[in-house]
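Only one structure is covered here, and it is reproduced in the block below.
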Amino acid sequence: MNTYLIVLPLVFLAGFIDAIAGGGGLIALPAYLFAGIPVHIAMGTNKLSSSLGTLSASLTYFFHKKLWLKLAFFASFFSLIGSFLGAQMALLVSPLMLKYLLVFELPLMAVFVLRKKKVIEYTEAIAVPWILIASISFFVGMYDGFLGPGTGSILIFAFVTFVRMEHTQASANAKIVNLASGVAAFTAFAMNGQVDLKLGLWAALFSILGNYSGSLLAIRFGKRVIQPLLIFVFGLLMLKLIYDLVV
């Protein structure tokens, strides 16, 4: 019961923050570790809850006709392969080493996600760089399977910067690619018994509720209030993770 009391509110908060300012993934995975869940099970269970949350966002983009379906499915294929391989690699790494990697990697992702970005809108390229899209999707998918936090932001950045995709469309297609990588990683962890199915489904529900609540309150609060909250909670979770490693 204590695990649920820790994980579910933090996952709700992650979804709430993600809907308004982005970066919720920086809280979701550490939340499981904060509750004392073994790192591989934490990663597998987080993939279940985050994938269902991403599915809800993907459907929203689909119904609003923001998806470039040809690109989304093409990129998702390579992301799925990369993520499955990345997750298999993560399963070969010791839990202690993964925690050390997360302590090093999570702050870097926090800087990347939270830094101010200039929103640039491009039109779709006439000559679609399919090889570039495949490469981006494969390697970002591999990162998602191996560690994960910040994947959505990396995909959007890559699609806008290198593929020259319009920003909203990049966000929409990134959701589909991220969904594919999440499902592939979840499958790899589940095949190895590294998923708490019950906790993951409850966490998915709270993630969806958090995203929905955040969307409703986004205009009222805005990023200037929410991002400091993200930094504060992320800092606490990181301190706990570091404390567990050194004590």
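Just one of the numbered conditions (1) within 19 Å of residue 197 (Cα to Cα); (2) of a type in the set (A, V, I, L, M, F, W, C); (3) in contact (Cβ under 8 Å) with a residue 40 or more places away in the chain; (4) open to solvent by 20 Å² or more (accessible area, probe 1.4 Å) is not true of residue 57: (1). Within the range 126-147, being modelled with pLDDT of 80 or more and either open to solvent by 60 Å² or more (accessible area, probe 1.4 Å) or not in a helix (DSSP H, G or I) (or both) holds for 129, 130, 131, 132, 139, 147. Can you tell me which residue in the range 1-23 is nearest to residue 241 (Cα to Cα), limited to those that are touching a residue at least 40 places away in the same chain (Cβ under 8 Å) and not in a helix (DSSP H, G or I)? Of everything passing the filter in the range 1-23, 23 is nearest to residue 241 (Cα to Cα).
Here is a check on your reading of the model: is residue 48 over 25 Å from residue 12 (Cβ atoms), at pLDDT 85 or above, touching a helix residue (DSSP H, G or I) at 6+ places or on another chain (Cβ under 7 Å) and open to solvent by less than 70 Å² (accessible area, probe 1.4 Å)? Considered against the rule, which asks whether it is over 25 Å from residue 12 (Cβ atoms), at pLDDT 85 or above, touching a helix residue (DSSP H, G or I) at 6+ places or on another chain (Cβ under 7 Å) and open to solvent by less than 70 Å² (accessible area, probe 1.4 Å), residue 48 comes out as no.
This table checks each residue for (1) open to solvent by 20 Å² or more (accessible area, probe 1.4 Å); (2) modelled with pLDDT of 80 or more.
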| position | (1), (2) |
| --- | --- |
| 149 | no, yes |
| 168 | yes, no |
| 178 | yes, yes |
| 207 | no, yes |
| 240 | yes, no |
| 243 | yes, no |
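One residue is enough: does the range 69-90 have a residue meeting the conditions among the basic types (Lys, Arg) and open to solvent by 60 Å² or more (accessible area, probe 1.4 Å)? For the range 69-90, residues among the basic types (Lys, Arg) and open to solvent by 60 Å² or more (accessible area, probe 1.4 Å): present.
The values are calculated or read from the model by the stated rules, or taken from the named source; none is laboratory data. Treat the numbers as computed from the prediction; the structure is a model and nothing was measured. Neighbour counts run over all protein chains shown; Cβ positions are idealised from the backbone, glycine included. Calculation scope for accessible area: heavy atoms of the full protein, side chains included, ligands and nucleic acids excluded. Shrake-Rupley method; radii C 1.70, N 1.55, O 1.52, S 1.80 Å.
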